[in-house]
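Have a look at the structure below, then the notes.
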Amino acid sequence: MSSIQLTNSSMRARGGTVRYQAPELFRGGHNNSESDVFAFACVAYELLMEKLPFHELRWESAVIAAVLAGSRPSPTAPFANNTASQAVWDLIQDCWQENPQMRPTAAQIVERLLILPMQATATLCESTTDWDDTLTSKFRRSLYPQPLFPTIAELESMIFWIAGVLTTNS
């Protein structure tokens with residue numbers, strides 16, 4: 001535990017929230033498709049159970065210790081009479097494998113979701129790859145049609161415009 005960096009989730013350098021991070025990230029690994037699959041399982045858990053992963057643990061350090069010890073969130077509802085929920089729970093557990101290479105790929109997750117008795121349907125998308133390192137930045141850029149910060153030329157223009165207005169008015 002001495003090698004683990006404990007920080008506030010909003011200040012983590014790698015991004016992400018502790019309750020959704022794969023164990024390899026706590027050991028100094030980097031985000032990749034396998035860690036995203038782990039995070040997907042945490043989101044699926046939250047949707048299925050209507051509770052945060054490790055909702056019973058108050059401190060992020062306790063969540064980190066639990067994940068590193070191999071613990072995963074427990075179901076809060078029985079699945080005896082619900083085949084779809086049981087199938088989703090089985091998928092979640094596969095996505096939580098300790099060994100990242102044992103986790104299903106995004107394509108395999110989609111295949112499994114399509115065969116579940118929940119009437120999931122496939123939609124066409126542009127990318128056929130399982131992982132796109134630029135996707136999150138593309139998504140963020142799509143939300144902001146204008147750059148978040150002005151360019152140096154725009155800043156200079158604003159400064160000179162303000163200076164011109166101030167000298168004209170004085």
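Coupling constants for region 68-74 follow from the phi torsions by the Karplus curve (6.51 cos²θ - 1.76 cosθ + 1.60, θ = phi - 60°), and in residue order they are 5, 7, x, 6, 9, x, 9 Hz; glycine and proline get x. Give me the net charge of residue 73's neighbourhood, meaning all other residues with Cβ under 15 Å from the Cβ of residue 73; Lys, Arg count +1, Asp, Glu -1. Charge balance in the 15 Å sphere: -3. The slack between residue 62 and residue 86, meaning 0.36 nm per residue of separation minus the straight C-alpha distance, is 5.9 nm.
A simple spin-label model places pseudo-atoms 7 Å from Cα toward Cβ; at residue 101 and residue 50 they are separated by 4.1 nm. Working note: Karplus 6.51/-1.76/1.60 with θ = phi - 60° gives region 90-97 the couplings 4, 5, 4, 5, 5, 6, 9, 3 Hz, where Gly and Pro are set to x. Between residue 113 and residue 76, the simple label model (points 7 Å from Cα in the Cβ direction) yields a spacing of 2.2 nm. Legend: calculated FRET efficiency, residue 17 to residue 151, from the Cβ-Cβ distance at R0 = 30 Å, rounded to 0.05, equals 0.40.
With neighbour counts taken as other beta-carbon atoms within 10 Å, the residues 45, 20 rank, fewest first, as 20, 45.
All of the numbers you see were taken from the coordinates with simple rules; none came from a lab. All figures in this text were calculated on a predicted structure; none of them were measured in a lab. Cβ: placed from backbone, ideal geometry, glycine included. Neighbour counts: every protein chain shown.
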